[in-house]
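**Q** Please find one structure pasted underneath; my questions will follow.
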Amino acid sequence: MWPDILCDMSPTSSDRGTARPAAEVNAHIRALVAAGGAGAPEYQQLLEEWQAAIHTEVEPAA
């Protein structure tokens with residue numbers, strides 16, 4: 001039912017202790033949405049992980 005990318009997802013940042021790049025998390029979000037899983041519990045978790053990744057990758061404004 002789910003694309004292979006979702007079945008083989010890397011552990012979340014809390015599982016690994018380090019954050020995944022925002023682009024990688026975004027790819028998983030897009031795959032989940034494309035598979036019709038935007039209502040799945042993983043969707044909210046991925047959004048939160050993506051938001052955290054964005055905050056760590058963007059330099060603060062001067």
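The values are calculated or read from the model by the stated rules, or taken from the named source; none is laboratory data. Here the structure is a predicted model, which is why all the values come from computation and not from measurement. Every residue, glycine as well, gets a Cβ built from its backbone with ideal geometry; the counts of neighbours run over all protein chains shown. The protein model used for the area step is the full one, side chains on, heavy atoms only, and it has no ligands, DNA or RNA in it. Shrake-Rupley method; radii C 1.70, N 1.55, O 1.52, S 1.80 Å.
**Q** Name the single residue, out of those in the range 35-52 being under 13 Å from residue 19 (Cβ atoms) and open to solvent by 50 Å² or more (accessible area, probe 1.4 Å), that is nearest to the chain's Cα centre (by Cα).
**A** Per the stated criteria, the residue is 50.
**Q** Would a scan of the range 24-33 turn up a residue that is modelled with pLDDT of 75 or more and open to solvent by 90 Å² or more (accessible area, probe 1.4 Å)?
**A** The answer is yes; a qualifying residue exists.
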